[in-house]
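Worksheet: one structure, shown below.
The values are calculated or read from the model by the stated rules, or taken from the named source; none is laboratory data. What you are looking at is a predicted structure, and each value in this text was computed from that prediction instead of being measured. Don't worry about glycine lacking a Cβ; one is built from the backbone with ideal geometry, like all the others, and counts go over all protein chains shown.
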Amino acid sequence: MEKMFLVNVEYDEKKSRIMCKFSNNLEEINKHTFIHSEKFYPSFFINLRKDLTKTLLSDFSKNIIVTEKRKALEIKAKDYETLQKCKKILQLSTNKNILLIEPERQFLIDSDWSYYDTFYLVENKKINKISQSPLTNLNFILKKIINNLDLKISSRINQVTKKIILTNYLKKKITKEITTTQTINYIFENNFYKKGLPQPQESLPYNYENKQKKDKTIKIDITEPIAYLLTKENNIGYESLNCQCCKPRNIHDKNVLSNSLINVSFLKDGYYYISKDYFWSKEYHIKNKEKEKRESYKKQNSLTSYPVGPFYRKDSKKILLIDALRLKEDKEIEIQENHEYRWFCKKEKAFVSEIIKDILNLKQVVEKSINLTTSLNYSNNSLGQVKKLEKNTLFYLYHSEKNLYTHLLKETISFIQNKNTKFYKQEVDLAIKSIKQKTCDQISQEECRFSIRKETIRTKDRTLLEKINNYFPKINIPVPEISF
Ligand SMILES: [Zn+2]
């Protein structure tokens, strides 16, 4: 049996087929030795009624298939050109944004293949993919390519590593520089297609605030702990929120999110409270009457945010779970029935959760390799050994990989919360915020504010730092990184 690598994928529009080119020689990766071709019909997903869709696309009825899937309607066409026309018609007539990716990438996603995956040629010209962890496979390829090309310059190693890893991971040939936002866009496109999810329609133009404070505050980067919380303790994603299968039965269920609205009754007259959620209290203020009373209460007590209230004995109101739990403890309220729960699925893992978990794992593996390389090279402890380490291409390779994963992790989490990406969904954004808020509350009840959009805590208080360093290991999560 011969071992081969997938080096190229092409779509043949006229014959409605995909051609995969394989090579058995990594030194000449552009020369293929075997071609596999098969029929392929591309598709996209949309949230629309089937009869309406069929009417709108009646001109193409002979060349398309419209199928109702679990999460949306699938439009499959004989060829990509027809599919593009269908997309245009539906987009113009419904005003919906539709996600349509190239046939090559669709094919790779459907068949769970990617560039540089390893295959065996078996009898009758059939091919079998060798299943092994993607990192083992890539590492083998990277080492070969880097040795063969005799790349001694660290910046070149960095570039080549990034291109090869991303080409494999994104199932798309990366030939020039690519930004992290583009990278994440591809990752999300692939997963929306794989899961058959239509593109969300909530994207908003939004301006990034980029105020850099330069004072003596300590900046704590909590990207990694948050990543663990989103995937390990919770299951946050587009398809995992408020599912039909895991509706909570009471407020203490493990999958209840702290932005659930809890029906409570108040026990005192003229009562106000300060919500843990600044944005929620601001919205409450705008939407509810007795504005003047809150304004004067805020002024009298020199508060930085609007209080919630005033409430009177036996008043019923739905308030945030995070606030309700504290007010219950302080005996200020009683918890009633009929809550508006927000929750996550306990059965099916969301793809965002999977992506984050994968990157965390890849990062851990490469960190181990770095530790190993470093300790082997430093064991002799002479200057010559340090120099040797600096010339060690593997060392650069591992560092390039680690930087790539660290960056991807950080950007993925901020990407989901960014209102001007095409995948923005408020429900997901609010779920993440509620997890940050809950964590913040558990670290310190008094003073701990997470920057809402970025995964950083700023503080001048060193005892808070101590609290943070104690908190995360207690729930089995690594201590966050600190930068001054
Ligand atoms: Zn569920």
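Would you be able to tell me the number of residues in the stretch 166-177 that are at pLDDT below 90 and among the aliphatic types (A, V, I, L, M)? It would help to see each step written out before you state the result.
Restricting attention to the stretch 166-177, the residues satisfying the condition of being at pLDDT below 90 are 175-177.
Keeping just the survivors that are among the aliphatic types (A, V, I, L, M) gives none.
Total satisfying the criteria: 0.
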Scan the stretch 407-424 for residues that are assigned to a loop (DSSP other than H, G, I, E, B) and either surrounded by fewer than 20 Cβ atoms within 10 Å (Cβ to Cβ) or modelled with pLDDT under 90 (or both) and jot them down.
417, 418, 419, 420, 421, 422, 424
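Check the stretch 287-296 and report whether any residue there is assigned to a helix (DSSP H, G or I), basic (Lys, Arg) and buried (at least 18 other Cβ atoms within 10 Å of the Cβ). Outline the logic, then answer.
Taking the stretch 287-296 and keeping what is assigned to a helix (DSSP H, G or I), we get 287, 291-296.
Imposing the further condition that a residue be basic (Lys, Arg) reduces the set to 287, 291, 293-294.
From what is left, the residues that are buried (at least 18 other Cβ atoms within 10 Å of the Cβ) are 294.
Taking every residue of the stretch 287-296 in turn, at least one turns out to be assigned to a helix (DSSP H, G or I), basic (Lys, Arg) and buried (at least 18 other Cβ atoms within 10 Å of the Cβ).
I'm trying to understand the selection: among the residues of the stretch 332-362, which are more than 16 Å from the ligand (Cβ to nearest atom) and under 16 Å from the mean Cα position of the chain (by Cα)?
Here is the first cut: in the stretch 332-362, the ones more than 16 Å from the ligand (Cβ to nearest atom) are 332-340, 355-362.
Selection gives 355, 356, 357, 358, 359, 360, 361, 362.
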Could you list, in sequence order, all residues of the stretch 14-24 that are farther than 11 Å from residue 38 by Cβ and surrounded by 13 or more Cβ atoms within 10 Å (Cβ to Cβ)?
21, 22, 23, 24
Could you look through the stretch 68-96, keep only residues that are over 21 Å from residue 200 (Cβ atoms) and not in a helix (DSSP H, G or I), and pick out the one that is nearest to the chain's Cα centre (by Cα)?
76
Can you tell me how many residues in the stretch 464-484 are touching a residue at least 24 places away in the same chain (Cβ under 8 Å) and assigned to a helix (DSSP H, G or I)?
5
Consider residue 317 against the criteria (1) closer than 28 Å to residue 231 by Cα; (2) basic (Lys, Arg); (3) in a strand (DSSP E or B): it satisfies all of them except one. Which criterion is unmet?
(1)
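Quick check on the stretch 269-285. Is at least one of its residues under 30 Å from the mean Cα position of the chain (by Cα) and polar (S, T, N, Q)? Walk me through it before giving the result.
Of the residues in the stretch 269-285, the ones under 30 Å from the mean Cα position of the chain (by Cα) are 275-284.
Next, from what is left, pick out any that are polar (S, T, N, Q): 275, 281.
Within the stretch 269-285 (the criterion being under 30 Å from the mean Cα position of the chain (by Cα) and polar (S, T, N, Q)), the answer is yes, since at least one residue qualifies.
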Being loosely packed, with under 15 Cβ neighbours inside 10 Å and of a type in the set (Gly, Ala, Ser): is that true of residue 281 here?
no
Exclusive hit being more than 28 Å from residue 119 (Cβ to Cβ), surrounded by 13 or more Cβ atoms within 10 Å (Cβ to Cβ), in the same structural domain as residue 97 (by TED's automatic domain parsing) and without any contact (Cβ under 8 Å) to a residue 12 or more places away in the chain, set 52, 48
52
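Restricting the search to the stretch 232-248, which residues are more than 17 Å from residue 359 (Cα to Cα) and within 13 Å of the ligand (Cβ to nearest atom)? I'd like the intermediate steps shown before the answer.
Residues of the stretch 232-248 that are more than 17 Å from residue 359 (Cα to Cα), as a first pass: 238-248.
Matches in the stretch 232-248: 239, 240, 241, 242, 243, 244, 245, 246, 247, 248.
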Tally up the residues in the stretch 112-155 that are at pLDDT 75 or above, of a type in the set (Gly, Ala, Ser) and surrounded by 14 or more Cβ atoms within 10 Å (Cβ to Cβ), please.
1
Let me confirm something: among 369, 305, which residue is small (Gly, Ala, Ser), within 37 Å of the chain's Cα centre (by Cα) and outside any helix (DSSP H, G or I)?
305
With the first residue restricted to the stretch 227-256 and required to be closer than 22 Å to residue 480 by Cβ, and the second required to be assigned to a loop (DSSP other than H, G, I, E, B) and within 16 Å of the ligand (Cβ to nearest atom), Cβ contacts under 7 Å at 6 or more apart or on different chains are 230/236; 235/345; 235/349; 235/350; 236/350
